[in-house]
Amino acid sequence: MYFDANDHEVCPAVFRDGYTRALMQRLRDLSSWTVREFTGRQDKSMRNHQHDWTRTARPAGFSHLNEQLRDYPGWQFCLTANERGRVHGIIIDDTFHVIWLDQNHRLYP
């Protein structure tokens, strides 16, 4: 498990009302996508894309991960337009591993 609950700026300990429901609905929607669809299709409603760490508040990326895992590119998708923030993680094989639940849009200032 790569989830990072220690960085409270990009993954707060408490979430606003409705966040968990929006997260579960988005995960349900994305569970029907293949990795190729997720990585190859820019979907405005999903705002899915690979990170350009130099443009973020964490230019070192997922620095808490071991060196091998840091070599995987970071990815994001949104929960809803701009209300619920973004989910950030890495893709290994056919699994998106959630690392940060950035409900306040702190990764991209």
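In table form, for the structure just shown:
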{"quantity": "Matching residues, the range 31-70, being small (Gly, Ala, Ser) and touching a strand residue (DSSP E or B) at 6+ places or on another chain (Cβ under 9 Å)", "calculated": "SER45, GLY61"}
{"quantity": "Listing of helices (runs of 4 or more DSSP H) fully contained in the range 1-107 that carry 3 or more residues being among the hydrophobic types (A, V, I, L, M, F, W, C)", "calculated": "19-30"}
{"quantity": "Residue selected from the range 78-94 under the condition within 17 Å of ASP4 (Cα to Cα) and of a type outside the set (A, V, I, L, M), by the criterion surrounded by the most Cβ atoms within 10 Å (Cβ to Cβ)", "calculated": "GLY85"}
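Any read-out appearing in this document is the output of simple, stated calculations on the displayed coordinates, not a laboratory observation. Because the structure is predicted, anything quoted here is derived from the model rather than measured. A quick note on method: Cβ atoms are made from the backbone with ideal geometry, for glycine too, and the neighbour counts reach across all protein chains shown.
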